[in-house]
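*Asks:* What follows is a structure written as structure tokens; I'll ask about it next.
The values are calculated or read from the model by the stated rules, or taken from the named source; none is laboratory data. Please read these numbers as outputs of a predicted model, since none were measured by experiment. Cβ atoms come from the backbone with ideal geometry, glycine included; neighbour counts cover every protein chain shown.
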Amino acid sequence: MLADDLAFAIAAALKVAELPSPPSGIEIVPTRNREHGDWQTNTALILAKIVGAPPQDVAAAVVAALKAAPPAHVERIEIAGPGFINFFLAPTWLHDVLRAVVATGPNFGHGDAYAGMRINLEFVSANPTGPLHAGGGRWVAVGDAIANLLAAQSAEVHREYYLNDAGTQLDVFAESLMARYRGEAPPENGYHGGYLVEMAATMRSELGDEVDETLAAAWGYRVVVDALRDDLARIGVHFDTWFSERTLHERGDVAAVLDELRAAGHTFEQDGAEWLASESLGDQRNRVLVRTNGTTTYLTNDLAYHRDKLRRGWDHLIDIWGADHHGQVKSLQVGMRALGIGTDEVPEPEVILGQLVKLERGGELVRLSKRAGNIITLADILDDVDPDVARLTFLLQSIDTTLTFDLDVVTSQSMENPVYYVQYAHARVASIARRAAAAGITRVPLADVDLSVLVHERELDLLRSLAEYPEMLRGAAELRAPHRVTTWVREFASRLHGFYRDCRVMTDDADLTQARLWLAESVRIGLAGALGILGVGAPDVMERLATDEEVDE
RNA sequence: GCGCUCGUAGCUCAACGGAUAGAGCAUCUGAUUACGGAUCAGAAGGUUGGGGGUUCGAUUCCCUCCGAGCGCACCA
């Protein structure tokens, strides 16, 4: 790609100018402002400090050497601002981009930043005590997209769901289910959701009138897990492993972890409980490992769980958690360190924290609590909107920001969702191809097409977006920021719509038609690729909106 | 009180430490005998919460203050 050519040329120029090769911090990137050319580098600004010369002088020396052996496509090189070196390129460099997109196909933009890395990505992992709530959809969409991003950088990615099926929450759940089964109200601290009433009725019809608590717990657990799986399937997310916490207890993994922590001298007894001396390791405070009643805490079990993931061969562990769990991050990492994990070879678990979702309806905040029972589930959302709409809505903004999910806007006014804007772009491109085929116009091999006719700003903008796509994907993967893909694809779709408006593909000019058909094909690849990362469909046709008149009839 | 995260246009949000901070919505003004108008073009809108600091350069990094969300269990 061009960036490599420029980097190579700059490195060579530095040698000629007898300047040191710069350390990290140099960038060779597309300009944001067209007036500054097509690509820019801050090489001279970085080097100036090292060699103790004015940036302008350093830039002048580099540019002189560059001009002696200009990289391909470069028409003009300028020094501007505090010492930027700006490259003005012939449009031919973008025609190369088009060829690269078509040659690579669906995997265009993918990289190898994480080649050889075996990543276990755990996300959602909602307690099996009820249906997924609407806000949890954020982790479904974000987790799946991050998995796609990592895989696009050649990592082997394993999607995992952790079922907390051994704790007291499940007991409380079973008690609540039994209470409903007997026609009573759930216990004070139990689950009051209406779904338990329905479940209890189903249980009675399936299992009869002689159900005891043990049977109810087993049956309820199975039903809830099946429901979780179904909801996830509806939105198109598949987990490779559903890991049961019970396994850890049954196999003795939890006991083994405790023994190791004791042997390493990281535990102590106090107030009848056994503690992890985590404060001395950097945690906010010490944490209980074994309660007074002899049972282990969530932390102890989680340590055993994460170590199991490593033992299963995953060398990089990533958890996606809601911000309400941020207090546990340090405990987990410090605990793993106490187990001797968290070395240079084996990094400690990485935790991606995401801010919570705020649900609104009619401008009013909707308070959600699985226990209180006033839940709005992900299934409720999917009853009203297409999974694509739900997914993109969750992927519109950075996970560092609180997401306000307005149920009225997303459902009743769903046509305003940007997903349609982007999908429409894809449908338009597909439509062009259909029209061409219907008119008997077929694309000749790309090698035989003269792309130099693609000089319209609309055309070049599309190709510029495609040129930036690989670097955008890499950055989104590294930052675990799928919303960057959303931002990119919205911009790209906007450029397609602009192109569509100003540039007719099929004209009497056969050469131009061929070039634009191939441009359309490269755009299709880019749109489909980005939407694929996001887990959003790229339809060839879209149902026409009903007009007001049609609605009236 | 302590900790984590956040604060950008009227609203919702973008912006690898880079040049003149960008989109959408809302507001105003325009565009369609053509490949799907679910579209496009333009205008207006900003002291990036306040104040310091580092840097050639700060929305971005550091300190401090203000404000918001979330944590601070022998629940998960």
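*Asks:* Considering only the stretch A:87-104, how many residues are surrounded by 21 or more Cβ atoms within 10 Å (Cβ to Cβ) and in contact with a strand residue (DSSP E or B) (Cβ under 6 Å, 6 or more places away or on another chain)?
*Replies:* Counting residues in the stretch A:87-104 that are surrounded by 21 or more Cβ atoms within 10 Å (Cβ to Cβ) and in contact with a strand residue (DSSP E or B) (Cβ under 6 Å, 6 or more places away or on another chain) gives 1.
*Asks:* Quickly run through the stretch A:95-133 and pick out the residues that are more than 30 Å from A:H325 (Cβ to Cβ), of a type in the set (G, A, S) and within 21 Å of the chain's Cα centre (by Cα).
*Replies:* A:G109, A:G111, A:A115, A:G116
*Asks:* Going through A:W518, A:W488 one at a time, which residue ends up being modelled with pLDDT of 95 or more and either of a type in the set (S, T, Y) or within 11 Å of RNA strand B (Cβ to nearest atom) (or both)?
*Replies:* After ruling out the rest, the residue left standing is A:W488.
*Asks:* Based on this model, can you work out whether A:D508 counts as charged (D, E, K, R), free of Cβ contacts under 8 Å to residues at least 12 places away in the same chain and farther than 12 Å from A:Y469 by Cα?
*Replies:* When the stated conditions are applied, A:D508 passes them.
*Asks:* Considering the stretch A:431-485 alone, what residues qualify as being β-branched (V, I, T) and in a helix (DSSP H, G or I)?
*Replies:* Listed by number, the residues that qualify are A:I432, A:V453, A:V485.
*Asks:* If you don't mind, there's one more thing I want to ask. Can you pull out every residue in the stretch A:1-20 that is over 35 Å from the mean Cα position of the chain (by Cα), part of a loop (DSSP other than H, G, I, E, B) and of a type outside the set (D, E, K, R)?
*Replies:* Residues satisfying the conditions are A:A17, A:L19, A:P20.
*Asks:* Can you pull out the residues in the stretch A:430-454 that are of a type in the set (A, V, I, L, M, F, W, C), near RNA strand B (Cβ under 9 Å from one of its atoms) and within 27 Å of A:V485 (Cβ to Cβ)?
*Replies:* Residues satisfying the conditions are A:A430, A:I432, A:A433.
*Asks:* Among the residues of the stretch A:81-89, is there at least one that is touching a residue at least 12 places away in the same chain (Cβ under 8 Å) and part of a helix (DSSP H, G or I)?
*Replies:* no
*Asks:* Still on this structure, please answer the following. Please determine, by comparing only the residues of the stretch A:21-72 that are among the small types (G, A, S) and either assigned to a helix (DSSP H, G or I) or in contact with a Cys (Cβ under 6 Å, 6 or more places away or on another chain) (or both), which one is farthest from RNA strand B (Cβ to nearest atom).
*Replies:* A:A68
*Asks:* Restricting attention to the stretch A:4-35, which residues are at pLDDT below 90 and buried (at least 16 other Cβ atoms within 10 Å of the Cβ)?
*Replies:* A:P22, A:I26
*Asks:* Please verify whether the stretch A:120-134 includes one or more residues that are touching a residue at least 12 places away in the same chain (Cβ under 8 Å), in a helix (DSSP H, G or I) and in contact with a helix residue (DSSP H, G or I) (Cβ under 8 Å, 6 or more places away or on another chain).
*Replies:* yes
*Asks:* Check A:N127, A:N107 and return the single one that is modelled with pLDDT under 95 and surrounded by fewer than 20 Cβ atoms within 10 Å (Cβ to Cβ).
*Replies:* Going through A:N127, A:N107 in turn, just one is modelled with pLDDT under 95 and surrounded by fewer than 20 Cβ atoms within 10 Å (Cβ to Cβ): A:N127.
*Asks:* Any residue that is within 10 Å of RNA strand B (Cβ to nearest atom), of a type outside the set (S, T, Y), assigned to a loop (DSSP other than H, G, I, E, B) and touching a helix residue (DSSP H, G or I) at 6+ places or on another chain (Cβ under 7 Å) - is there at least one of those in the stretch A:286-299?
*Replies:* Checking the stretch A:286-299: at least one residue is within 10 Å of RNA strand B (Cβ to nearest atom), of a type outside the set (S, T, Y), assigned to a loop (DSSP other than H, G, I, E, B) and touching a helix residue (DSSP H, G or I) at 6+ places or on another chain (Cβ under 7 Å).
*Asks:* Determine whether A:L149 is of a type outside the set (G, A, S) and either closer than 24 Å to A:L248 by Cβ or assigned to a loop (DSSP other than H, G, I, E, B) (or both).
*Replies:* No, not satisfied.
*Asks:* Taking the options A:R524, A:R490, A:R495, A:R480, name whichever one is touching a strand residue (DSSP E or B) at 6+ places or on another chain (Cβ under 9 Å), touching a residue at least 24 places away in the same chain (Cβ under 8 Å) and under 28 Å from A:T393 (Cβ atoms).
*Replies:* Criteria check complete, one pass: A:R480.
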